[in-house]
Amino acid sequence: MPDSQGVCEVCSKAAKQFCSSCRSVFYCSRECQKQDWKTHKGRCKPYIVQNHPIYGRHMVATRDIRPGEVILKEAPVVIGPKQRSPPVCLGCHKGIRGTYTCPKCHFPVCAPSCEISKYHKHECPILTGATAKIKIDNVESPHPAYECITPLRCLLTKETDPKKWEAITHLQDHVNNIKNGEMDGIIQRNSVDFLKNYIKYEGADSAEIYRMCGILLTNSFELKHNGQRVRGLYPQAAMMAHDCIPNTKHAFDEDLMLVLRATVVIRKGTPITSTYTNILWNTLQRRKQLKVAKHFLCSCRRCSDPTELGTHLSTLLCSECGGHVQSTAPLDMDANWACQKCSNTVLGKTVFWGDQILYKELRGLDQVSVQPLEKFLETYKKALHPKHRFFVEAKYALIKFYGNHPEYRYRDITRQKLEKKVEYCRELLELAGTIDPGLSLFRGTLLFELQAALVALARMLLSNDVITKEGTQDYMTEAVKHLQEASEILKHEPEMEKGGLDAKLKTLSEELDI
């Protein structure tokens, strides 16, 4: 709560009333508050941006924030193709399906209307300076020519929208760190040299082009636009600090507005955080990604704990005795790993190498059947802890397969698979309670899948006379409880709004015949 008394923002009289949203300004009367609203609404936020020796600039709550409360709504200052983007229409970002190109710059677009869209119209005259027409052989594979488009769009705001340009230039770029990393050559070749030498762009020097690339790498959000993955700059949202156990979630509406919500109670004075990596990744992978993409190494309580707060997402099984093998120093990526039961040790680089091999294997599995995922779990059950990150990812994929895939509908799958789905949902919900608690999308999805599986299992057991009608009540009571919580969490997700959740529930009801 603010101090009990302050000075009116409008007339400077002593005041006891304050803005109920940000609680940072006082008013002596409702009349003064109404008078100030046009001025105040643009800066009425439940947070401030502070400087921190490790985080840098970051958002801190100025009051207690409730779970589900909207913290921020922000439109992008720039949207465009992501790093390693396949060819997309520069007018609407849809995937390329035809052969139509812009008659001026010769980049692919969907139709004449996309030639003059708000995304393409300012860059088109620049792209016409190319020394040759862009050549595209494969519309599914990343094309280097698209890596310069979003940095160019940033640069063009200098003339087209000075306010956006000012917001962009205030963002961190980490240029010095990037120049010493693996992205340096890619940026120099595909963005700087491409714009200067191939496009003949004279609107910025090489250093300024490079800086825009650094700003995008450091601050951009990846999102979907017209079915394709793109990247956008949201300067206010970029002020969130990273945490491997975030206290917010964000989504993008149909207008590409970023909507940030609290997933748990965020106390006054607490940093407002997001995760810059995948919540299900283990410490090795998270810290590697943060080092490469964001140029810092996280040392949060999850990263510092060999067991990752008891989740065992990193834990291996000892080849000698079956004990738990964990890092002897989780914040040192080169540290040895040791069995907690016997004296067996493993080199840190060996663990890292094995982690990369399994990552590629899991990503390469056939996605049209459950058998490869089930085989993966069986193959590595003596090498990985049952709660290891790769097992969690495989189980999460199976949760979505069982009951949802056309080949594995609830009415067709076996009792064993239904019981496995229930088991996996419960296991992953326990995990979510530790690393992604509250109103997170991960928890909401798991709760929704669990309630459906419980109803399907109860119907199957009843039809096979395993339980009585009265015996189904425990299943149904639990399912209703989970559905209520899942609906509360998922109702604000873009695909669930405007009837999406009702449609999903209707389809599920028809499938389960309830």
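Based on the Kirkwood approach, the hydrodynamic radius assigned to region 114-167 is 12.8 Å, with every pair of different Cα atoms included. Summarising the label geometry, the points placed 7 Å from Cα in the beta-carbon direction at Thr350 and Glu208 lie 5.4 nm from one another.
Under 5 Å from the amide H of Thr101 lie the amide H atoms of Val109, each residue being 5 or more positions distant or on a separate chain, with H modelled from the backbone and absent for Pro and chain starts. In this simple spin-label approximation, Lys158 and Lys481 carry label points 7 Å from Cα along the Cα→Cβ vector, and these lie 6.1 nm apart.
Of the DSSP H helices in the chain, those that are both long (alpha-carbon extent of 27 Å or more along the helix axis) and hydrophobic (Kyte-Doolittle mean at least 1.0) are 441-463. Using just its DSSP H runs of length 4 or more, each adding -39500 (n - 2.57), the chain gives a mean residue ellipticity at 222 nm of -11000 deg cm²/dmol after division by all residues. Gain on full extension, evaluated as 0.36 nm per residue between Thr468 and Lys381 minus their Cα-Cα distance, stands at 27.7 nm. Per residue, the convex hull spanned by the Cα atoms of region 419-491 measures out at 72 cubic angstrom. Between Lys121 and Ser12, the simple spin-label model (points 7 angstrom out along Cα→Cβ) gives 4.6 nm.
Rounded to the nearest 20 debye, the dipole size of region 19-114 about its Cα centre is 120 debye, using +1 on the Cβ of Lys and Arg and -1 on the Cβ of Asp and Glu.
Using 29 Å as the Cα-Cα cut-off, could you pick out the over-long pairs in Lys45/Lys121; Lys118/Lys400; Lys224/Lys288; Lys34/Lys73; Lys349/Lys375; Lys121/Lys294? Flagged as over cut-off: Lys45/Lys121; Lys118/Lys400; Lys121/Lys294. Evaluated with a Cβ-only charge set (Lys, Arg +1; Asp, Glu -1), the chain carries a dipole of roughly 960 debye about its Cα centre, given to the nearest 20. How big is the gap, in Å, between the Cα center of region 339-354 and the Cα center of region 443-470? Each part's Cα centre sits 41 Å from the other's. Towards the positive end of the charge dipole of the chain, with charges on Cβ (+1 Lys, Arg; -1 Asp, Glu), say which of Val368, Cys102, Leu447 has the farthest Cα. The residue sitting most towards the positive pole is Cys102. Ranked by the mean number of other Cβ atoms within 10 Å of their residues, highest first, the peptides 67-77, 432-442 come out as 432-442, 67-77. Think of each Lys and Arg Cβ as +1 and each Asp and Glu Cβ as -1; about the Cα centre, that makes the dipole of region 124-263 roughly 100 debye. Normalised by the number of residues in the chain, the mean separation of alpha-carbon contacts (under 8 Å, six or more apart) gives a relative contact order of 11 percent. In terms of packing, defined here as the mean over residues of other Cβ atoms within 10 angstrom, the peptides 369-380, 418-429 line up highest first as 418-429, 369-380. Here r is the Cβ-Cβ distance between Asp412 and Lys268 and R0 is 60 Å; the resulting FRET efficiency, rounded to 0.05, is 0.70. With 0.36 nm allotted per residue and the present C-alpha distance subtracted, the Asp305-Gln35 stretch has 92.0 nm of extension available. Close amide-amide hydrogen proximity is noted between Ile71 and Leu260, Arg261, Ala262, each under 5 Å apart and 5 or more residues distant or on a separate chain (H modeled in the peptide plane; Pro and chain starts excluded).
Which FRET efficiency value, to the nearest 0.05, do you get for Thr99 and Lys196 by plugging their Cβ-Cβ distance into 1/(1 + (r/R0)^6) with R0 = 30 Å? According to the calculation, E is roughly 0.55.
Rank-order 403-409, 90-96, 208-214 by packing density, defined as the average count of other C-beta atoms within 10 Å over each peptide's residues, highest first. Working shown, then result.
Values: 403-409: 14.6, 90-96: 20.1, 208-214: 22.7.
Ranked by mean Cβ neighbours within 10 Å, highest first: 208-214, 90-96, 403-409.
Comparing Cα centroids, region 104-170 and region 38-58 end up 32 angstrom apart. Here semi-axes √(5λ) of the Cα gyration tensor in Å was computed from the coordinates, and among (i) 35, 33, 24; (ii) 42, 25, 20; (iii) 40, 32, 27 the match is (iii). Label point 7 Å out from Ser141 along Cα-to-Cβ: which residues of region 340-382 have amide N under 20 Å? Label zone hits: 364. Each part reduced to its alpha carbon centroid, region 249-287 and region 376-431 end up 26 Å apart.
Any read-out appearing in this document is the output of simple, stated calculations on the displayed coordinates, not a laboratory observation. Just so it is clear, the model here is predicted, and its values are computed rather than measured. Note that each Cβ is placed from the backbone with ideal geometry, even for glycine, and that neighbours are counted across all protein chains shown.
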